[in-house]
Number of protein chains: 2
Amino acid sequence: MSATLPPPEGWKSVQQPPSLFRRFEFASYGETRAYLDRLAALSEETGLYPDLGFGPTHVNVTVYGADGKAPGAREIEFAGKAAALALPG
Amino acid sequence: MSATLPPPEGWKSVQQPPSLFRRFEFASYGETRAYLDRLAALSEETGLYPDLGFGPTHVNVTVYGADGKAPGAREIEFAGKAAALALPG
């Protein structure tokens, strides 16, 4: 990340680190909840905690790299597992 | 910007350059339109074209730095002028 000048008064300085994003859709609230539970278990297992947003039938997953860097092999592996967990079982 | 690995299939790689953001509110659609016109003139004058989003009574302005770099003195000066143009005249 490069150094930034302070924003002018009234403006917000926006600096988002690179990430991987995916939206997962589910048929019901119950399935959404079950996916969130599986995702939580995966996070505890891997130590990798993505940003999550969800509604009744969807979950938005944003995976950041470590220390503001681009997502690397570890995050890509996590993303693959997170996607597999969303498949109907 | 650091090099990134390609995202896994189905995922979107998100890489937003740093920016300055501000939302301007207006009392009417006419005032919003008038502001957009003034902003367009400022862009032509300065050669600096921010990203714009607007509704009937608001305009969201996002100013990026050049070449994916953080906003610098030129962008900060533009932001100041853009804010001044939004003041009720």
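What follows is calculated from the coordinates using simple rules that are stated; it is not laboratory data. On a predicted model such as this, the values are computed, not experimentally measured, just so you know. Counting neighbours? That spans all protein chains shown, and the Cβs are built from the backbone with ideal geometry, glycine included.
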Scoring only Lys, Arg, Asp and Glu (+1, +1, -1, -1) among other residues with Cβ under 13 Å from the Cβ of B:D67 yields +1
Need one value for B:16-26: mean number of C-beta atoms belonging to other chains within 10 Å of its residues' C-beta atoms. 4
Place the label 7 angstrom along Cα→C-beta at B:T62 and in each other copy, then list the distances from the first to the rest in nm, shortest first. 1.1
Calculated from DSSP helices alone, with each H run of at least 4 adding -39500 (n - 2.57) and the total divided by the residues of chain B, [θ]222 nm to the nearest 500 comes to -11500 deg cm²/dmol
How far apart, in nm, are the 7 Å Cα→Cβ label points at A:A40 and A:N60? 2.1 nm
Prolate/oblate/rounded label for the stretch B:1-86 (Cα gyration tensor, a/c 1.5): oblate
Trypsin sites (Lys or Arg not before Pro) restricted to chain A and DSSP loop, no more than 15 other C-beta within 10 Å: A:K69
Could you name the lysines whose alpha carbon sits less than 27 Å from that of B:K81, not counting residues in the same chain fewer than 8 places away? A:K12, B:K69
Might you report the magnitude of the Cβ-based charge dipole of chain B about its Cα centre, with Lys and Arg at +1 and Asp and Glu at -1, to the nearest 20 debye? 160 debye
